[in-house]
Amino acid sequence: MSSHVEAELADQPNCWRRAASLAAAAHGLPEPGARVAVVGCGTSWFMAQAYAGLREARGLGHTDAFAASEMPAGRDYDRVLALTRSGTTTEVLDLLSAVNAPTTVITGVGEAPAAALADTAIVLDFAHERSVVQTRFATTTLALLRAHLGDDLDPVIAQGGYAVAAPLPAGAVNRSQFTFLGTGWTIGLANEAALKMREAALAWSESYPAMDYRHGPIAITDEQSVVWMLGAAPEGLAEQVRATGGLWIAQDLDPLVSLIYAQRLALALAAVRSLDPDVPRHLTSSVILRSFPVPDTHY
């Protein structure tokens, strides 16, 4: 019997297709030129980083990404976009209660407090998950945001349909140290890939901007390492990694699809280590530090 996280992981391309179809009519997403803060916790923060990188690179407006607990007070934004699967995470609720800018929340649960606190809620309930370890909600949120930016997701969805069952990179599951690298918007994806390895497989995993990897982190790379590049690699980096004995992985795929492979590697390594990915150590599906009153008004 497959785990919840395995089944939800495999459902990602279907969810991406549904999200893409919603993007044009979604209310409350940032308009071109708006000054935007995108916030979340854990996986949602990393999706915020990816979206912020994409939006800024396309010249669509100043876009900052913050862990919800670390957004600077008093900074002016035209909109705050909060990403939260459960809609119950304490740091996100605190921020939505305190911020002065118009707010939009993307969540998997329309009845959760975050949806009630925000000015606009976009509910992706079809991507909500039973698993603690996030896969499909996070990538579906990013798919929605990419479609809203104008990306054609049809080829991404097609690649994703293959990736959910394709062979993993040879030899990767036999290594013990994993480094994920990105540039621009894929730095957020690299951060997320490393988090999946830690959550599901208790693996030694790290993530860095690809150009910064040479500035110290490469020192740990050896014959037990995987170095996985999400997106285009800087010139010469593959050769440097191979010279250390590390296993270099770079796929000619959309980086969001490469994230599926990384998620699957985390599950494969969990199986090798006899770990249950549905019961990750010390984790719950939402970090709730105290009860939170739900406002009378709703979106």
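So if I take the centroid of the Cα atoms in region 183-210 and the same for region 69-99, what is the distance between those two points in Å? Taking the Cα centre of each part, region 183-210 and region 69-99 sit 23 Å apart.
About its Cα centre, the dipole of the chain is roughly 280 debye, where the only charges are +1 on Lys and Arg Cβ and -1 on Asp and Glu Cβ. Taking all protein chains together and rolling a 1.4 Å probe, residue 157 ends up with roughly 10 Å² accessible.
Given the options 24, 210, 172, state which has the largest fluctuation in a GNM of the chain using a 10 Å cut-off (strictly under) for Cα springs. Maximum among the listed residues: 24. Toward the positive end of the charge dipole of the chain, with +1 on the Cβ of Lys and Arg and -1 on the Cβ of Asp and Glu, the farthest Cα among 201, 240, 73 is that of 201.
Across region 72-174, the mean sequence separation of Cα contacts (distance under 8 Å, 6 or more residues apart), normalised by length, yields a relative contact order of 19 percent.
Relative to one another, the C-alpha centroids of region 245-273 and region 103-142 are positioned 25 Å apart.
At the residue level, residue 211 shows approximately 110 square angstrom of accessible surface with a 1.4 angstrom probe and all protein chains present. Remark: accessible surface ordering of 228, 185, 204 (largest first) is 204, 185, 228, probe radius 1.4 Å. Computed from Cα positions, the angle between helix 43-57 and the longest principal axis of the chain comes to roughly 90 degrees. For the chain, averaging the sequence separation of C-alpha pairs within contact (under 8 Å, six or more residues apart) and dividing by the residue count gives a relative contact order of 21 percent.
About the centre of its Cα atoms, region 85-238 shows a dipole size close to 260 debye [charges on the beta carbon of Lys, Arg (+1) and Asp, Glu (-1) only; nearest 20 debye]. In the chain, helical runs assigned H by DSSP with n ≥ 4 each contribute -39500 (n - 2.57); averaged across all residues and rounded to the nearest 500, the mean residue ellipticity at 222 nm is -11500 deg cm²/dmol.
Size of region 1-60 from its Cα atoms: along the principal axes, largest to smallest, the extents are 48, 26, 19 Å. A Gaussian network model of the chain, with springs between Cα atoms under 10 Å, assigns the largest mean-square fluctuation among 235, 192, 223 to 235.
The values are calculated or read from the model by the stated rules, or taken from the named source; none is laboratory data. Please read these numbers as outputs of a predicted model, since none were measured by experiment. Neighbour counts run over all protein chains shown; Cβ positions are idealised from the backbone, glycine included. Note: accessible area is taken over every heavy atom of the protein model, side chains too, but ligands, DNA and RNA are not part of it. Shrake-Rupley method; radii C 1.70, N 1.55, O 1.52, S 1.80 Å.
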